[in-house]
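Nothing in this text is a laboratory measurement; each read-out follows from the coordinates by a stated rule. What you see is a predicted model, and the numbers here were worked out from it, not measured in a lab. Backbone-built Cβ (ideal geometry, glycine too); neighbour counts: all protein chains shown.
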Amino acid sequence: MSLLSFTAQWIDSQFNLQHATLQAQNFRGSHTADRVREAIEGMLNSWGIDKPRVHVILRDNARNMVKAMDDLEVKSVGCVSHTLQLAVHEGLLSQRSVIDALATARKIVGHFKHSPLAYSRLEDIQKDLKMDVKRLQQDVQVRWNSSLYMLQSILEQKRALSVYAADYSLPATLTANQWTLMEKTAEVLAPFEELKRDVSNPTASAADVIPAITALKRVLSREKTTDQGVRTMKSTLLEAVETRFAEVEEEPLYSIATLVDPRYKDRFFTKSDNMRLATDNLILEVAKIERAASEEPEAAEPMRKTPRQEASSSLGSVLDEILEENQLEARSVSTSADVQVQTYLSEKTRPRKSNPLHYWKDNSSRFPSLAAVATRFLCAPCTSVDSERLFSAVSNVLDEKRNRLSPDRVEILIFLKKKLHLIVKPESESE
């Protein structure tokens, strides 16, 4: 059963991050860009969401999804986690020596996964060696972090596996060079795992992307070890990351979101040109908010007649008058927006563990237009992990014992599972 999920995320008037799974639609047939566009457009229409109200759509990096969003004429960005997967695979996991070591490790783990007797023998050895009894982890080849978990579990049980191999047979054995290679690979991939955990956090937003990538590049560029193998791995991974995330600082969604996050502001841009461009874009966004606010009529104050002025007979003078009025208005809005942005950026950053939305709730009166921009840009997530978790939930609803559920019924059950806490209030709240 193929699914196309549709979720919404926004920041409410109280500066709380809200999230709603709206649909998990059955998607049969060919997944062409046209069919994806039609399906998403139908979802937007069914929920009464106009396309101008869509700030950005987070999608995976498949070409059909990219084209579908372009044809739909909505702003979209790719999943950071998926981009990271491509960078790790290109920079490290595609190397022949690493592929061979992972294949051997996969055979060893598979041996214990398919043999309860082998696992019981390994557990006895772990107890005799005073080690924690742990099971080996199998990897999924399309997820690099699962390969890291497999390597870490095997390295942790190196002594136990060596004792086991002396008494019993294994389908494959790791050479000394492969053990060393696995240790180096796990060491180099550890910062990537930390980054993935950070950006996959439910509270993570588009503001976390540029700081995380900047920090990762610095870790990879540091030469803290004299081991040539580790340095080579880091350099190839750094090249892959720089290629895959080459335009991340130029993307307005990420750059403006980073600026309006009080934990980061303009401290994590690697190029001064990108920082100036991001600041200019932020000022433009604030100016739009202020211009829209100034054009709204004030219902509370009655309209007053303006004094009648003597009409000018010169068309040129009238044109100059209109031009001067518009220039003064634009300069006033631009100056106000610039003051807000520069005052905000000049203040100290907040602790990294703090919640940026709490800052904007407390300072919305100081920077009203800037706070409005922050609510738009800080609501966008940076990964599609939530959709993947949704697909995992579907496997718990539709299984071998409930294999005749219709797609519509499955969608209803998933909707209730994800939104039951919003539909049914706790007893303490209902009283």
Checklist entry - Efficiency by 1/(1 + (r/R0)^6): what FRET value for R159 and R267, r their Cβ-Cβ distance, R0 = 51 Å, to the nearest 0.05? => result 0.70
Checklist entry - Which entries in the list K234/K353; K265/K353; K158/K196; K75/K196; K75/K348; K184/K271 go over 20 Å, if you measure between the two C-alpha atoms of each? => result K234/K353; K158/K196; K75/K196; K75/K348; K184/K271
Checklist entry - Ranked from highest to lowest mean number of other Cβ atoms within 10 Å per residue, what is the order of the peptides 190-197, 9-16, 250-257? => result 250-257, 190-197, 9-16
Item to check | For region 275-281, 3J(HN,Hα) per residue [Karplus equation, 6.51 cos²θ - 1.76 cosθ + 1.60, θ = phi - 60°, Hz, x = Gly/Pro] | outcome: 5, 5, 5, 5, 5, 4, 5
Checklist outcome for this item: Least to most buried among L238, L151, by other C-beta atoms within 10 Å and fewest first, runs L238, L151
Checklist entry - Once the Cα atoms of region 3-55 are picked out, what are the Rg and Dmax in Å? => result 13.0, 43
Next on the checklist: From the C-alpha coordinates alone, can you work out the Kirkwood hydrodynamic radius of region 107-250, in Å?
Outcome noted: 17.4 Å
Checklist entry - Any idea what log10 I(q)/I(0) is at q = 0.22 Å⁻¹ for region 1-118, Debye with uniform C-alpha scatterers and no solvent? => result -1.25
Item to check | Sequence-distant residues sharing a close amide H with L22 (under 5 Å, placed H) | outcome: F6, T7, A8
